[in-house]
Every structure is written in structure tokens, then in C-alpha cells.
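The values are calculated or read from the model by the stated rules, or taken from the named source; none is laboratory data. Fair warning: this is a prediction, and the values are worked out from it, not measured in the lab. Glycine gets a Cβ as well: all are built from the backbone with ideal geometry, and neighbour counts include every protein chain shown. Note: areas computed on protein heavy atoms with side chains; ligands, DNA, RNA excluded. Shrake-Rupley method; radii C 1.70, N 1.55, O 1.52, S 1.80 Å.
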Amino acid sequence: MNLHFTREIRVMDLRDRLGAVRCPALVLLGEQDSTVPAHLAREIVEAIPKGLARLELVPEAAHEVIVDNPAESYRLMREFLASLA
């Protein structure tokens, strides 16, 4: 997949469409992510209608948060889902 979408990934920017989000969203970012800087993750959260998005930083993780720190990633996801119930 990465080979196929390499060019598209570099130019894809969907931030202008985030205002259309209508459901709660969890944005997970690895603390050591060199692919998506923290300021961009904050932009994503800020572009989603107020109160719908939540940003969580995953310690000891880079871009692949679930692979790098599965215990913390899943804990954060479970916590987020439980907050919706």
C-alpha cells in the first residue's frame, strides 16, 4: 500500500474537510512521530467541530502507535470509547 500511495500521501491534505466531521474523533499521535508533527495533529483537532475531537499523545511511540506501544494505544482507545457510552 505504501508503495502505491507514496506520491498521493505527499500531496493529500484533507484538513479543509474536517469541519464536516459529525461524530466524536480520537486523534492518536506518537510522542516520537517524525511523520506527523504535533502542531499538525493539533490543527486536525482544531479543524473538527468544537468538542468532537480529542488528541492523545502515545508515549514511547512513533508513527505506528499501535505497533510501537499497543498497551497504551488500546488503553486510550478503550477510554475514549467508554466516554461515549
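Dipole magnitude for the chain: about 400 debye, using +1 per Lys or Arg Cβ and -1 per Asp or Glu Cβ, origin at the Cα centre. Each residue of segment 68-85 is assigned a 3J(HN,Hα), and the resulting list reads 6, 8, x, 4, 6, 4, 5, 4, 5, 5, 4, 4, 4, 5, 5, 5, 8, 6 Hz, derived from the Karplus form 6.51 cos²θ - 1.76 cosθ + 1.60 (θ = phi - 60°), x at Gly and Pro. Applying 0.36 nm per residue to the separation of residue 23 and residue 47 and subtracting their alpha-carbon distance, the gain on full extension is 7.3 nm.
Answer with one residue from 27, 52, 77: the one whose Cα lies farthest towards the positive end of the charge dipole of the chain, charges on Cβ with Lys, Arg +1 and Asp, Glu -1. Value computed over the given set: 52. When the trypsin sites (Lys or Arg not before Pro) in segment 45-81 are filtered for DSSP coil states and for at most 13 other beta-carbon atoms within 10 Å of their beta-carbon, the remaining sites are 50. Note on the chain: helix-only mean residue ellipticity at 222 nm, from DSSP H runs of 4+ residues weighted -39500 (n - 2.57) and normalised by residue number, equals -13500 deg cm²/dmol.
Sorting 76, 40 by solvent-accessible area of protein heavy atoms yields 40, 76, largest first, with a 1.4 Å probe. Kirkwood radius and radius of gyration were both taken over the C-alpha atoms of the chain, and their ratio Rg/Rh is 0.98. Approximating the spin labels as points 7 Å out from Cα along Cα→Cβ, the residue 13-to-residue 60 distance works out to 3.6 nm.
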